[in-house]
Amino acid sequence: MNIKRRGFLTLSGAVGVTLAVSSLGGPVFAQEKSFRLGYSQFWGTNTFLRTQIAGARKAMKEWEAKGVKVDLLVTNGGDTDTTKQVGDLEDLYTQGIDGLLIFPGDSVVLADPIKNIYNANKIPVVVTDIGLGSGEWATYVVTANEEGGRMAADYMAKNVAKGAKVIVFDHGPAVQCIIDRNRGFEERAKELGLTVLPRKVMKLSLEDGRRTMEDTLTEIPDIAGVFFQNHAPTIGAEATLEAANRLDVKLVNFDTDPTAYRLVKEGKILGTIVQNPFEMGYAGMNSMLTVLTGGTPDKLIELPPRLMTKDNAAEFANEPQVLDAKAE
């Protein structure tokens, strides 16, 4: 792949760095440093991903106080268009970025440009949330996804009869974090005596959640519970259940937004596994700037998931996802 880069004047973080100690306890650079970074996101209008950017910008402000400035270029992969995200990666490279943060839409497809462009040109990469199947990266910041799936199964099992039929609606069969969540849920559900049906593959959208739930009620009228990996199709499925007067079917999902949060408070979504996208962006940016200033960050940063239910929803009222945090 022959992609030309524009020339930008940047200072190498690994050469000629002079440090002083700040009153805040961290290093201060005797000569101001400046980096141009890219943050490639898949479905960048999503609350979860905007919250990641907010976390990254907090870290940028802290580094600026130490003499390190960042010009951050954020791209949105066409709202779930993997091909668009590949093009975004190529474009960011031509703009002369010093490092790349990425929320990849597909663990296999996005690995190719990472290997062929960024690894090949020794540009550091930090991955947040969704993993890559191959390639090299400085840090991978991720939720303990399999644990989150098991937590979802535990709570589902407490709210349906033993032996009840449960199913996964899967919108990302090639996405590593979703593979991990599904495995955690299904294995734990079987351990707890639930009947786990074959997954249904769907698109990541509210409308597909609605349609898939409608089909499932017709095909499996005694379905007792559904596990989702995102709030959007969960909201669609809940609308179907409410219209059909079938709120006996329990829904547990990953992630939230203001609407999904309200549905948990009202008891219409049984439970939500809440991640920490703000911390993902914050830790990811810190790792990137650590690399660029000559340090060695942790290879893996695994964040604990939390379970939100009707009973404890008030504890999550100020979560950035619930408040619909903006990137700026």
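Here are some notes:
- Hits in the range 96-110 (condition: at pLDDT 95 or above and hydrophobic (A, V, I, L, M, F, W, C)): Ile97, Leu100, Leu101, Ile102
- In the range 260-273, the residues that are among the polar types (S, T, N, Q) form Cβ pairs under 6 Å with partners that are assigned to a helix (DSSP H, G or I), at six or more places apart or across chains, as follows: Thr272/Val264.
- Residue in the range 104-121 that is more than 14 Å from the chain's Cα centre (by Cα), among the aromatic types (Phe, Trp, Tyr) and open to solvent by 20 Å² or more (accessible area, probe 1.4 Å) present: no
- Every residue from the range 159-179 that is farther than 22 Å from Thr216 by Cβ and either outside any helix (DSSP H, G or I) or open to solvent by 30 Å² or more (accessible area, probe 1.4 Å) (or both): Ala174, Gln176
- Selection of helices (runs of 4 or more DSSP H) fully inside the range 228-294 by the criterion of at least 1 residues being of a type in the set (Asp, Glu) and in contact with a Lys or Arg (Cβ under 6 Å, 6 or more places away or on another chain) returns 231-243.
- Contact map, the range 112-140: first residue in contact (Cβ under 8 Å) with a residue 60 or more places away in the chain, second residue of a type in the set (Val, Ile, Thr) and surrounded by fewer than 17 Cβ atoms within 10 Å (Cβ to Cβ), Cβ cut-off under 7 Å, separation 6 or more or different chains; pairs are Ile117/Ile3.
- Only a single item in (1) within 26 Å of Pro233 (Cα to Cα); (2) open to solvent by 60 Å² or more (accessible area, probe 1.4 Å); (3) aliphatic (A, V, I, L, M) is not met by Val142, and it is number (2).
- First in the range 36-59 and within 10 Å of Met280 (Cα to Cα), second anywhere and aliphatic (A, V, I, L, M) and open to solvent by less than 10 Å² (accessible area, probe 1.4 Å), Cβ under 6 Å, 6 or more apart: Gln52/Met280; Ala56/Met285
- Considering residues of the range 194-212 that are under 24 Å from Val274 (Cα atoms), assigned to a helix (DSSP H, G or I) and free of Cβ contacts under 8 Å to residues at least 40 places away in the same chain only, the residue least open to solvent (accessible area, probe 1.4 Å): Asp208
- For the residues Ala59, Ala54, the requirement of being part of a helix (DSSP H, G or I), crowded, with 17+ Cβ neighbours inside 10 Å, modelled with pLDDT of 95 or more and within 22 Å of the chain's Cα centre (by Cα) singles out Ala59.
- Test: residue in the range 263-270 that is within 19 Å of the chain's Cα centre (by Cα), open to solvent by 10 Å² or more (accessible area, probe 1.4 Å) and of a type in the set (Lys, Arg): no
- Residue, most open to solvent (accessible area, probe 1.4 Å), within the range 62-99, restricted to residues that are in contact with a helix residue (DSSP H, G or I) (Cβ under 7 Å, 6 or more places away or on another chain) and of a type in the set (A, V, I, L, M, F, W, C): Val74
- Failed item in (1) at pLDDT below 95; (2) in contact with a Gly (Cβ under 7 Å, 6 or more places away or on another chain), with His171 passing the rest: (2)
The values are calculated or read from the model by the stated rules, or taken from the named source; none is laboratory data. Every value quoted in this text rests on a predicted model; they were computed, and no experiment measured them. Positions of Cβ are generated from backbone atoms using ideal geometry, with glycine treated the same way; all protein chains shown enter the neighbour counts. What goes into the accessible areas is simple: the full protein's heavy atoms, side chains included, and nothing from ligands, DNA or RNA. Shrake-Rupley method; radii C 1.70, N 1.55, O 1.52, S 1.80 Å.
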